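Encoded as structure tokens, the structure appears first; notes follow it.
The values are calculated or read from the model by the stated rules, or taken from the named source; none is laboratory data. Here the structure is a predicted model, which is why all the values come from computation and not from measurement. So basically every Cβ, Gly included, is an ideal-geometry build from the backbone, and we count neighbours across all protein chains shown.
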Amino acid sequence: MRLNLGLKTLSIFTALLLVAACETAPTETGDSSGGGATTQTSGSGSTTTVVTETKTTTVQPGSQEDLVLNVGDRVFFGFDKYDLSDEAQATLQRQAAWLKANPTVTLLIEGNCDERGTREYNLALGERRATAVKNYLVTLGVSADRLSTISYGKERPVALGHNEAAWAQNRRSVSVVN
Amino acid sequence: MIGSVQKIRTLLAGLVLAIALASVARAELVIDITQGNIEPMPIAVTDFYADNEATAKIGKQMADVIRADLERSGLFVPIDPRAYLQQPKDLQVTPVFANWRKIAAQALSTGLVRALGDGQINVQFRLWDVFAEQYLTGIQFTTPPSNWRLTAHLIADAIYKRLTGEDGYFSTRVVYVSESGPADRRIKRLAIMDQDGENHQFLTSGNELVLTPRYSPTQQVLTYLSYFNNKPRVYLYNLDTGQQEILGEFPGMTFAPRFSPSGNQVVMSMAQDGNSEIYLMDLRTREMKRLTNHPGIDTAPSFSPDGTQITFESDRGGRQQIYIMDADGSNVRRISFGSGNYGTPVWSPRGDLIAFTKLTGGKFSIGVMRTDGSQERILTEGFHNEGPTWAPNGRVLMFFRQIPGKNDGRSDKVSLWSIDLTGYNEREVITPGDGSDPAWSPPYNLNR
């Protein structure tokens, strides 16, 4: 459990770098980062450099790092929504292809919410989001046996601000290599 | 946990009882707590007169606890003991009421604590109406000295009951989730304390995420959600043994548990294929019965005190709203129709009201409505208020409030608050760290 958490934190951090570089406006991450290392993400230029370096050195195929850097481990949702945007579907299509290329890998799909909901409702909503991702991967040919889900509701934010930019990053599902 | 308190049925010596019975015209020294923002009643709570140094210390501490309980209720103003014109020693017979009228005390509490030969203490308490010069009520306990604090709370309960007509709640406890660490690596532990924050104790280590503890109405047992082994499931926690037990092995997440009024069932949500439905588990057979059947989110169930109905929240109508169904899942009807989202409905122990969390205009409020959805009243509103729990007398609510900090995940403040049903007397409940998800215990049971 403790070891898992450590790995997860690392992967989330790495993922944040990628998100900052590819998808999210830099102003958002500056606002929402937890201080320390993640403050790097406020400058997207330097972030890209970091990502490129990591990519060319240590990535093991089929690893979480591989998923994060070369595929994208997460998709984002609208407020109180669990439908998959075109962008989310594109990410999951890459995940499906990656799972075919790495047939021994199994994934835990973590559903998360922003803080603007009650605790119980968010647990249910996180489960809906994780299941929406799982179901879409299954329609793309991934065996359901390789996919499990968990909801963290609003308990595991990655962006720590109290604003829409932070909430948008927290309404997410994250695919984690078991 | 707390040892049992022996209640002696003979409340007071015959002399005092005789005086009480002799007063034919009963004083109407009563606080009407159905009105908001009432003028609190001035009350004098004297130290318990004692026969030695050890009991004198207990006698003073007990009076301090009673004064603090009454003050916190918002219904009383305890008068500073330094103003008292008559000493505890001289109060062991009928008080000189003129001395108490001079300092504007309307009610007067007197008492005695003495050491018994067997190591126990005997505590006697009497309550007087100063202006009518009448004895109002009395009670006595024989108990180990270590029970002095509980004894004081029970006496505060007796004062509250005699002067408001409602049951006191000072001898209750509160279970909640203690929080620490930054928001993205939050550590959450079950913790329990007296309603005034004393006797605080952590129940879980913080290795697993735990949420939404609820008290059994009949036993020293909690039900809660734990992420043990990274599988979110409903558990039981036995407060007498410390034992934790998973409530059934199910393929999907079980969450949002709450006991039925009999304590023999737990109503909860279970998610399967992404859909959350409400189920009822019989704790003796461990059988699960499905109560709802709808693709919407159905969660946060709470029984009516008579056990015949269940209120819950659902987004089946497009937004999160409050519904009621019969306890077998039939006769589902929506009761909330206001703008915004409604969640966490909790049925009042008196049966007449449902407390809820409301999300509207970017704010989170705590409110109450009648069980037909009418007469909605918002008690408190702000950035984030959530998760009401009722005091067992149905007059006070506790909830948690998040006050946002500097967007760094470290400067937010999450804490417990209490508020009267009237919307007045809002106060922070002091806990060692941050706290959320409070749940009030049932009344203290003298007979257990």
Single unsatisfied condition, B:PRO213 versus (1) more than 14 Å from every other protein chain (Cβ to nearest Cβ); (2) within 30 Å of A:ARG129 (Cβ to Cβ); (3) not aromatic (Phe, Trp, Tyr): (1)
For B:SER262: the one exception among (1) surrounded by 17 or more Cβ atoms within 10 Å (Cβ to Cβ); (2) touching a Gly at 6+ places or on another chain (Cβ under 9 Å); (3) more than 8 Å from chain A (Cβ to nearest Cβ): (1)
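A quick yes/no check of all residues on (1) surrounded by fewer than 21 Cβ atoms within 10 Å (Cβ to Cβ); (2) touching a Leu at 6+ places or on another chain (Cβ under 9 Å); (3) within 14 Å of chain A (Cβ to nearest Cβ):
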{"site": "B:SER178", "(1), (2), (3)": "no, yes, no"}
{"site": "B:ILE192", "(1), (2), (3)": "no, yes, no"}
{"site": "B:HIS200", "(1), (2), (3)": "yes, no, no"}
{"site": "B:SER205", "(1), (2), (3)": "yes, no, yes"}
{"site": "B:TYR227", "(1), (2), (3)": "yes, yes, yes"}
{"site": "B:ASN230", "(1), (2), (3)": "yes, yes, yes"}
{"site": "B:TYR235", "(1), (2), (3)": "no, yes, no"}
{"site": "B:ASN238", "(1), (2), (3)": "yes, yes, no"}
{"site": "B:GLN243", "(1), (2), (3)": "yes, yes, no"}
Looking only at the range B:86-143, and only at residues there that are over 26 Å from the mean Cα position of the chain (by Cα), aromatic (Phe, Trp, Tyr) and farther than 16 Å from B:TYR160 by Cβ, the one that is surrounded by the most Cβ atoms within 10 Å (Cβ to Cβ): B:TRP100
Residue match in the range A:102-119 (condition: without any contact (Cβ under 8 Å) to a residue 12 or more places away in the chain, surrounded by 19 or more Cβ atoms within 10 Å (Cβ to Cβ), hydroxyl-bearing (Ser, Thr, Tyr) and within 14 Å of chain B (Cβ to nearest Cβ)): yes
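Table: residues versus (1) over 26 Å from B:GLN321 (Cβ atoms); (2) of a type outside the set (D, E, K, R); (3) buried (at least 21 other Cβ atoms within 10 Å of the Cβ); (4) outside the structural domain of B:GLU313 (by TED's automatic domain parsing).
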| residue | (1), (2), (3), (4) |
| --- | --- |
| B:GLY361 | no, yes, no, no |
| B:MET369 | no, yes, yes, no |
| B:ARG377 | no, no, no, no |
| B:ASN385 | no, yes, yes, no |
| B:PRO392 | yes, yes, no, no |
| B:ARG401 | no, no, yes, no |
| B:GLY405 | yes, yes, no, no |
| B:LEU416 | yes, yes, yes, no |
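Which one is nearest to B:VAL234 (Cα to Cα), of the residues in the range B:300-350 that are of a type in the set (Gly, Ala, Ser) and surrounded by fewer than 14 Cβ atoms within 10 Å (Cβ to Cβ)?
The extreme case among them is B:GLY307.
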Members of the range B:245-259 found to be away from chain A (no Cβ under 14 Å) and either of a type in the set (Val, Ile, Thr) or in contact with a Gly (Cβ under 7 Å, 6 or more places away or on another chain) (or both), listed by number: B:ILE246
Breaking point among (1) in a helix (DSSP H, G or I); (2) within 11 Å of another protein chain (Cβ to nearest Cβ); (3) among the aliphatic types (A, V, I, L, M), for A:LEU160: (1)
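I need the full set of residues from the range B:245-265 which are assigned to a loop (DSSP other than H, G, I, E, B) and of a type in the set (Asp, Glu), in order please. Reasoning before the result, please.
Filtering the range B:245-265 down to residues assigned to a loop (DSSP other than H, G, I, E, B) leaves B:247-253, B:260-264.
Selection gives B:GLU249 alone.
Quick one: which of B:ARG401, B:ARG448, B:ARG410 is away from chain A (no Cβ under 11 Å) and at pLDDT below 95?
Values: B:ARG401 fails: at pLDDT below 95; B:ARG410 fails: away from chain A (no Cβ under 11 Å).
Going through B:ARG401, B:ARG448, B:ARG410 in turn, the sole match is B:ARG448.
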